[in-house]
Each structure stands twice: as structure tokens, then as C-alpha cells.
Amino acid sequence: MSFLKRRRRDYHGVHVDPARVKKQKRATKFRKFLNTVYAIIIFGTLLWLVYFVLYSSTFKIKNITITGNQGVSREEIVSVVNVLLDSKKYFIVPKNTFFTVNTDGLSEVLNDNFILAYSEIKKKFPHDLNISIREKLAGLNFCLETREKCYYVNYDGLVVHRVGGAELDPRLPLLFYRLSPQKNEQVGETPTPATTTTPINKQGLPTITISQTNLPVTMIRFVLELFIGFSQKIRETGIHDMEVNTLEIYEKKVIVNTHAGYQIYFNYDKSLAEQMNNLNTILMKKIKGEQENLEYVDLRFGEKIYYKMK
């Protein structure tokens, strides 16, 4: 068996070519120089890309599309949006580009400035912003007895301005203040005028002063919630032929006149959810299949539910 022995090479006395060494040193320096150049190019390219992304007009938000707005104008929404887009993060990073606009923050700003039930903001490459909103009802139409004397009342119950019958906004609830009901009351009940914070004139109707008269906030918000959620809650019961037509009010009663032909009495000082549950109980258990013969349902007295058939 033989073993390979590693030979030891002796470089002592070997001739070294100075030109070759110098050439190798130049090559090494050149490689270092190239590496430095490459690093500068890469770093510069990255800086240029950052600058291009943040400050170039290519990705700057140019087109704002708004859908779903009704009472709020496009100009109002764009004005609020631009306040955020014109600001900067950390004092240097603009917020108005496709890559830097904060859609969640923008949604919060819209909800802070407008009464919205829903808002969704989507970006579309390279410079579009699509805003979809659904407004909460910001007010209602309020009429004294008939459509001849009507007003617009805002979310806080303030009578803002008078409107003619032909000018009533069909998207808003139509609430009548009546001195007496148009249909039969529960036996033994005497109707009384609605309780408001306004003076009552000789005819028994409230005296309305524009920008000064306030209707009860609980009543206004109850009516708005009722108007928005009524159809959906009714669909949950499986009944499809009942929608809000008009509403009437006196005492603390809100009367819903349905398209099905009967009335529903609510108390605006009590929970709408509880009253809707009671309505569901009556319609689905007590008089199921006989709604066409129903005249009214009275939900104002808690668990005691009254109804009358024709």
C-alpha cells in the first residue's frame, strides 16, 4: 500500500514579474472602482424610483369618482378629500399618490364630516380614486295636517326652511302632524296633539319659526331609523307587501301608513327593536295570512299589543 505525499513547493528564488503584479493591482483597483460605480448607480436608481413614486405626476391622484351621494354634493366631498390629499406625512411624504393615499384614514375623514351609513374607497392604478358612499338620512319632510304647509327638518330636529308640496324630497320620510287620526283609534282612547317644544296656535297646530323651532330629537331620529330600517325588518318576517307610505304623529305616537292598507302605531320614546319584534309576533303568529283584513296594530304599550281587524 502506497501513500501519496504532498509535495512542498519552494518559491524561494522564484522570479516575480513586476509588470504582472502592477497589472493585477490595477485590475483589483478597477474592480473596486466598478463596484463603487455599481453601488452609486443602484443607490441613485433607488433614490430616483422613490422620488418618481412620491413626487412624479404619473401616480398623483387626478381622477376622483364619487357614487351614492344624494344630499351631499360632489364638490363638498372632493373638498374634504383634497384637504387630506394635500397634507404630508412626516412633513415630506405627500399623501396624494396612488401608493401613499390612506384609504382607511380617508374613510374616517368622510365619516367625521358627513352623516354616512357606509363608505368604501378603492384605488385604481395609476391615479384614480373611487369613492362609494351611502348617506344616512339627514332630515325629513314635516307637514302640518296637509301638504300645503311643509318644512324640512334636520337630523337634530331644527326646522331649516319651508318647502312647497311639489318640492318635497321623495327620498326623505314624509311626517304629518295631525290633530286627530284619519282612521279608527283603539277603543276608549282620545287622541291629543303631538307634544313638541314649540308654541301651539289657536288651531292647535305648532307655531313654526324657521331656524328657531326644534322638534323633539328623539322623535326625529326614531322616525329616521324607522324609515331606513322598516322595509328590511319587515322582509325578515317574510312579508313583502308592507312598506312605509307616510307617517303621522300626535302625542308620542308615530303612525305608519303602509302600502298594504293598514296602519301601525309606534311610540317614539320606546325601543324600535322591541316594537318591531312585537310586530313580527303579531303578523307571523296571531294574524298570519289575514293581513288583508287588518286595520291597525298598536305597539305602544310594551308586551300588550293591540290590533283591529276590518
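The values are calculated or read from the model by the stated rules, or taken from the named source; none is laboratory data. Keep in mind the model is a prediction, meaning the values are calculated, not measured. A quick note on method: Cβ atoms are made from the backbone with ideal geometry, for glycine too, and the neighbour counts reach across all protein chains shown.
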Item checked: Any hit, region 253-266, residues being modelled with pLDDT of 85 or more, aromatic (Phe, Trp, Tyr), touching a helix residue (DSSP H, G or I) at 6+ places or on another chain (Cβ under 8 Å) and in a strand (DSSP E or B) -> yes
Next item on the list: Please work out if LEU247 is in contact with a Leu (Cβ under 9 Å, 6 or more places away or on another chain) and at pLDDT 85 or above.
Entry: no
Notebook entry, point to check: Within region 129-146, can you find the residues that are of a type in the set (A, V, I, L, M), within 12 Å of PHE227 (Cα to Cα) and either modelled with pLDDT of 85 or more or in a strand (DSSP E or B) (or both)?
Noted result: LEU140
Check: For the subset of region 72-90 comprising residues that are part of a loop (DSSP other than H, G, I, E, B) and under 20 Å from the mean Cα position of the chain (by Cα), which member is surrounded by the fewest Cβ atoms within 10 Å (Cβ to Cβ)?
Finding: SER73
Check: Applying the selection to region 97-123, what residues are of a type in the set (Phe, Trp, Tyr) and either touching a residue at least 40 places away in the same chain (Cβ under 8 Å) or surrounded by fewer than 16 Cβ atoms within 10 Å (Cβ to Cβ) (or both)?
Finding: PHE99, PHE114, TYR118
Notebook entry, point to check: Do you know which of the residues in region 274-308 that are under 24 Å from ARG178 (Cα atoms) and either in contact (Cβ under 8 Å) with a residue 60 or more places away in the chain or in a helix (DSSP H, G or I) (or both) is farthest from the chain's Cα centre (by Cα)?
Noted result: LYS308
Check: What number goes with the only condition from (1) over 17 Å from PHE114 (Cα atoms); (2) among the polar types (S, T, N, Q); (3) surrounded by 14 or more Cβ atoms within 10 Å (Cβ to Cβ) that ASN154 does not pass?
Finding: (1)
Next item on the list: Return the only residue of PRO126, PRO170 being exposed (fewer than 15 other Cβ atoms within 10 Å of the Cβ), in contact (Cβ under 8 Å) with a residue 60 or more places away in the chain and not in a strand (DSSP E or B).
Entry: PRO126
Next item on the list: Scan region 18-57 for residues that are closer than 22 Å to PRO94 by Cβ and either loosely packed, with under 10 Cβ neighbours inside 10 Å or in contact with a Ser or Thr (Cβ under 9 Å, 6 or more places away or on another chain) (or both) and report the count.
Entry: 6
Check: Filter region 247-273 for residues that are without any contact (Cβ under 8 Å) to a residue 24 or more places away in the chain and surrounded by fewer than 18 Cβ atoms within 10 Å (Cβ to Cβ); which is farthest from ILE305 (Cα to Cα)?
Finding: HIS259
Margin query: If I ask for residues that are part of a loop (DSSP other than H, G, I, E, B) and either modelled with pLDDT of 85 or more or in contact with a helix residue (DSSP H, G or I) (Cβ under 9 Å, 6 or more places away or on another chain) (or both), which ones from region 30-71 would you list?
Written below: THR58, PHE59, ILE61, LYS62, ASN69
